[in-house]
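Written below as structure tokens is the structure these notes are about.
The values are calculated or read from the model by the stated rules, or taken from the named source; none is laboratory data. Nothing here was measured: the structure is a model prediction, and the numbers come from that model. Using ideal geometry, Cβ is built from the backbone for each residue, glycine included, and neighbour counts are taken over all protein chains shown. We work out accessible area using only protein heavy atoms, side chains counted, and drop any ligands, DNA or RNA first. Shrake-Rupley method; radii C 1.70, N 1.55, O 1.52, S 1.80 Å.
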Amino acid sequence: MARNIRILAVDDSKSTLEVLKRNLQPAGYEVFTCGRVDEAVALLEDLVIDLVITDYRMPAASGLDLIKHVRANLPDVEIMMITGYPSIPGAVEAIKDGAGEYLAKPFTNEELLSSVGRIVERLQRRRVLASADTPPDNFGIIGTSPEMEQVFQRIGKAAASDANVLISGESGTGKELVARAVHYNSDRRTASFVPVNCTAIPDSLVESELFGHVKGAFTGAKESRAGFFEVANGGSIFLDEIGDASPTMQAKLLRVLQSKEFCKVGSSIVKTVDVRILAATHKDLRRMVKEGTFREDLFYRINVIDIHVPPLSQRGDDVLVLINHFLAEFSRTMHRTPPTISDEALKALRRNDWPGNIRELENLIQRLVVIVDRDTIEVTDLPETMRFSLPREGSVKRSLEEVEFEHIRNVLAMTGDNKTQAADILGINRKTLREKLKRMEEGTRRGE
């Protein structure tokens, strides 16, 4: 936290300067000191300083004068006011003039480090946002966290080979982006990338969808049609949510992966296919294999190279980088100047768990850009679940179902009642969402 942070401490008391230096330097901060405001102004012209800690009352110019000077000339520098003459009007004036924190003497070491820590956290959030204007190009995927660096390394290794890849991760983490990155950085990039939603194909259409059919093969087959594997020949086929594939679909997939051959429905002509499999799932396939709900032989066919995409809650400051990216993207679409985000709102966004991952974050930022007309997005513009609030009486006595229903209502409100988007964010399908909404309506009618 403290790395590369320079602090200028300004106080006419040498003992106070010694206390500040003695506590801050061991915490990793680089500390400069001076006893007068004019000395501080001169030093600020020669050094790049991140945080100014200034006393309130000093000879000649006061700490408030220094705050005004810094705010007028060095807007990126953070400020903290300390004083041995605490007063409410003084604190209000200092905060109004730009001090981020106000600390009364005598203060404990813990109070000092805590206050400085809060300021540095704000400073680093701003720095992340500023550096996010031009995020590094990692296969077209935005992220700078160590967790994502591991993903990028895996993508590079997978792209350099022709082995099948299994991509795992929660719903909304960007598994298809990873699959596309592998394909478009491989030797197969000039051929087709064909996405297949394993959840959406009924058993009666599995063979026709995967392998195609000839004219007259069944009622309604008025012309011949190529299947996914034929279209993907020479390229990659992306089997999205393969954990939801039916036993019938699993068997058909295993056969074509083993033999590299298939026949169209209604034809006896054997076709050879050269396709790389990129599969994705939010489920634990190893557990499903043990339970007998997913074929072991198919699992080992697709899981040659594994890439795990971490949830957004484990990606640190990537949240801030993505916020900045989506703000710019949706503001450009809306033909408006990207709004800024207040520090409190930014802090709330940063600490949110994001159960819907990137998809949830993208949806929220789009909604804020559309709805908020002001230049600054405040914490009150965020969904209620992201704001700080004291627990209401009886809130801890609510059932798990009540908490779940409240979350569903908030997601529906955030998506403008778009049930498809809401289902995606919640990590469930539309049918499950409809069933939950039906139970919610029944509970409302019963007065629960």
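Apply the a/c threshold of 1.5 to the C-alpha gyration tensor of segment 189-259 and tell me whether it is rounded, prolate or oblate.
Oblate is the answer for segment 189-259, as a/c is 1.5 or above yet b/c matches or exceeds a/b.
So what's the net charge close to Glu39: Lys and Arg +1, Asp and Glu -1, counting the other residues with Cβ under 12 Å from its Cβ?
In short, -4.
Can you give the accessible area of Lys438, probe radius 1.4 Å, in Å² rounded to 10?
Around 130 Å² of this residue is reachable by solvent.
Under the definition of Cα pairs under 8 Å and six or more residues apart, what whole-number percent is the relative contact order of the chain?
Relative contact order of the chain: 12 percent.
Please identify the GluC sites (Glu not before Pro) of segment 135-173 that satisfy two criteria: DSSP loop assignment and at most 11 other Cβ atoms within 10 Å. Which are they?
Within segment 135-173, no GluC sites (Glu not before Pro) qualify (loop, at most 11 other Cβ atoms within 10 Å).
Quick check: Cα centre of segment 1-35 to Cα centre of segment 103-118, how many Å?
Here the two parts' Cα centres lie 12 Å apart.
Roughly how many Å² is the accessible area per residue of the chain, as a whole number, for a 1.4 Å probe?
Value returned for the chain: 52 Å² of accessible area per residue.
Roughly how many Å is it from the Cα centre of segment 199-214 to that of segment 398-437, as a whole number?
If we compute the Cα centre of each part, the gap is 30 Å.
Quote the charge dipole size of the chain about the Cα centre in Debye, to the nearest 20; the model charges only the Cβ of Lys and Arg (+1) and of Asp and Glu (-1).
1540 debye
Quick one: grab the alpha carbon gyration tensor of segment 1-81, order the square roots of its eigenvalues as a ≥ b ≥ c, and give me rounded if a/c is under 1.5, else prolate or oblate depending on whether a/b is larger than b/c.
Judged from the Cα gyration tensor, segment 1-81 comes out oblate (a/c at least 1.5, b/c at or above a/b).
Ranked by accessible surface with a 1.4 Å probe, highest first, in what order do Cys263, Cys34 come? All intermediate terms of the calculation are to be shown ahead of the outcome.
Details: Cys263 45, Cys34 10 Å².
In descending accessible area the options line up as Cys263, Cys34.
Compute the semi-axes of the equivalent ellipsoid of the chain, taking the square root of 5 times each eigenvalue of the Cα gyration tensor, and list them largest first in whole Å.
Working through the eigenvalues yields semi-axes of 56, 26, 19 Å.
Nothing charged except the Cβ atoms of Lys and Arg (+1) and of Asp and Glu (-1): what's the magnitude of the dipole of segment 164-277 about its Cα centre? Round to the nearest 20 debye.
In total the dipole reaches around 400 debye.
Counting DSSP beta bridges with both partners in the chain, what percentage is antiparallel, nearest 5? Working shown, then result.
On the way: 6 of 44 bridges.
Within the chain, antiparallel bridges account for around 15 percent of the total.
Which of the aspartates and glutamates could a cross-linker span from Lys157 if the Cα-Cα distance has to be under 14 Å and same-chain partners fewer than 8 positions apart are dropped?
Hits, sequence-local ones excluded: Glu149, Asp187, Asp306.
Taking a ≥ b ≥ c as the square roots of the Cα gyration tensor eigenvalues, with a/c under 1.5 meaning rounded and otherwise prolate when a/b beats b/c, else oblate, which class fits segment 169-300? Kindly include the intermediate steps, with their values, before the conclusion.
Numbers: a/c = 1.82, a/b = 1.30, b/c = 1.40.
It is oblate, given that a/c is not under 1.5 and a/b is not larger than b/c.
Ignoring ligands, DNA and RNA, what percent of the 1.4 Å accessible area of segment 160-271 is carbon and sulfur?
Within segment 160-271, the accessible surface is 50 percent carbon and sulfur.
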